[in-house]
1. Only helices at least 20 Å long along their own axis, judged from Cα atoms, and with Kyte-Doolittle mean hydropathy of -0.5 or greater: name those in the chain from DSSP H.
2. Give me the net charge of Thr158's neighbourhood, meaning all other residues with Cβ under 15 Å from the Cβ of Thr158; Lys, Arg count +1, Asp, Glu -1.
3. Around Ala54, what is the net charge, scoring Lys/Arg as +1 and Asp/Glu as -1 over all other residues with Cβ under 12 Å from its Cβ?
4. Would you work out the charge dipole size for the chain about its Cα centre, treating the Cβ of every Lys and Arg as +1 and the Cβ of every Asp and Glu as -1, and quote it to the nearest 20 debye?
5. Highest mean first, how do 31-40, 18-27, 132-141, 47-56 rank when packing is the count of other Cβ atoms within 10 Å averaged over residues?
6. Just how far, in whole angstrom, is the stretch 47-75 from the stretch 1-21 if you go by their alpha carbon centroids?
7. Provide the percentage of antiparallel DSSP beta bridges, counting only those with both residues in the stretch 1-118; round to the nearest 5.
8. Between the stretch 175-191 and the stretch 130-159, what is the C-alpha centre distance in whole Å?
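Readers should treat all values here as calculations from the given coordinates under stated rules, not as data from a laboratory. Since the model is a prediction, treat every value here as computed from it, not as a measurement. Heads up, the Cβs are rebuilt from the backbone with ideal geometry, glycines too, and the neighbour counts pull from every protein chain shown.
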Amino acid sequence: MKLILASTSPYRAQQLNRIGLEFETCDPKVDEDLFKQAGFTPETLAEVLALEKAKAVAQQNPQAVVIGGDQLVSFGNRILGKPGTEELAIEQLQSMQGQTHLLITAIAVLGPDFLETHINQTTLKMRELSKSAIERYVRFDQPLNCAGAYKLESQGITLFEEIQSTDHSAITGIPLIALTSLLMKAGISIP
């Protein structure tokens, strides 16, 4: 059965390669802003976006199994998205320093006769950092297209003093433990 990752993220593709899956990638072209304005909780928003991405790709590939995913940061009563600019990245990181936030990662696996979702929550406590340390980090890692303005798979790991998760692979974009279970249920053989 054909497997498609509804994402253009190189990090998510690397994760699927890591567990030996043969798959294609496809840009889901979902307007996330429409859903962000709906007032969902962070967990529900991540799950809805993961599902919408899977559905968008499945419409053109009805016989495939499609993996959709979404990741966002919940800090206080706000959802932090991708900063887009160095200035916003620095601002986001400064606001989170010394505090705890949630990294919410959702996946949806959608096939001809299958649909399941999974949500992973990772709790992260950021170190107290000087503004110059944050600026150096942002210049080095350029985390402008990353939720929360950090790349844990790169130098961003140095920003944190504690990370708690039931599945550390979720940090990169896909909780591989849950994904493996869902794919097996959907009839995909995992090497």
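1. 42-60
2. Every neighbour counted, the sum reads -1.
3. Here the charged neighbours net out to -2.
4. Details: 16 positive and 22 negative charges, 36 e Å.
Rounded to the nearest 20 debye, it is 180 debye.
5. 47-56, 132-141, 18-27, 31-40
6. That distance is 13 Å.
7. Rounded to the nearest five, the antiparallel share is 75 percent.
8. So the separation of the two Cα centres works out to 31 Å.
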